[in-house]
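Encoded as structure tokens, the structure appears first; notes follow it.
The values are calculated or read from the model by the stated rules, or taken from the named source; none is laboratory data. Bear in mind the structure is a predicted one, so any value in this text is a computation, not a measurement. Glycine gets a Cβ as well: all are built from the backbone with ideal geometry, and neighbour counts include every protein chain shown.
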């Protein structure tokens, strides 16, 4: 259902280094980059799959993280959730909740929460 989500950055080169390293651990990679000063860069697992775009805001204003806004990254295993979270923290991301089971055990939701270098919130999760 979701094609892509876009997040703004105030230090695009630093942000792209963060995402290059973060997504390398999960098979994600840069799929496309717009050739303008915004450097809007799309990450994903391949064509036709959901993507995350990072770039300078279109309006030229300061990028801000949204209160209540979060992007969830689906993982293949609980171990991959742990790896994504650890990599984000290693790269300077902020801790918003260590890996663990959330909600009723019958749902099998395992997640970890972190923020990127611009304060955008993420959840890496595995259902089941």
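Quick check, is residue 47 more than 16 Å from the chain's Cα centre (by Cα) and closer than 27 Å to residue 75 by Cα?
Numbers: more than 16 Å from the chain's Cα centre (by Cα): yes; closer than 27 Å to residue 75 by Cα: yes.
It is true that residue 47 is more than 16 Å from the chain's Cα centre (by Cα) and closer than 27 Å to residue 75 by Cα.
Of the residues making up the stretch 84-110, those that are part of a helix (DSSP H, G or I) and surrounded by fewer than 18 Cβ atoms within 10 Å (Cβ to Cβ) are 86, 89, 90, 105, 106, 107. Mind listing whichever residues of the stretch 45-82 are in contact with a strand residue (DSSP E or B) (Cβ under 6 Å, 6 or more places away or on another chain) and at positive phi? Correct list: empty.
For residues that are in a helix (DSSP H, G or I) and touching a residue at least 40 places away in the same chain (Cβ under 8 Å), scanning just the stretch 1-16, find the one that is nearest to residue 52 (Cα to Cα).
Initial filter on the stretch 1-16 (in a helix (DSSP H, G or I)): 12-16.
Subsequent filtering for residues that are touching a residue at least 40 places away in the same chain (Cβ under 8 Å) retains 12, 14-15.
Numbers: 12: 14, 14: 16, 15: 12 Å.
Out of the qualifying residues, it is 15.
Looking at the stretch 54-76, is at least one residue touching a helix residue (DSSP H, G or I) at 6+ places or on another chain (Cβ under 6 Å), part of a helix (DSSP H, G or I) and either at pLDDT 95 or above or crowded, with 17+ Cβ neighbours inside 10 Å (or both)? No, every residue in the stretch 54-76 fails to be touching a helix residue (DSSP H, G or I) at 6+ places or on another chain (Cβ under 6 Å), part of a helix (DSSP H, G or I) and either at pLDDT 95 or above or crowded, with 17+ Cβ neighbours inside 10 Å (or both).
Can you find even one residue in the stretch 25-33 that is in a loop (DSSP other than H, G, I, E, B) and in contact with a strand residue (DSSP E or B) (Cβ under 7 Å, 6 or more places away or on another chain)? Yes, some residue in the stretch 25-33 is in a loop (DSSP other than H, G, I, E, B) and in contact with a strand residue (DSSP E or B) (Cβ under 7 Å, 6 or more places away or on another chain).
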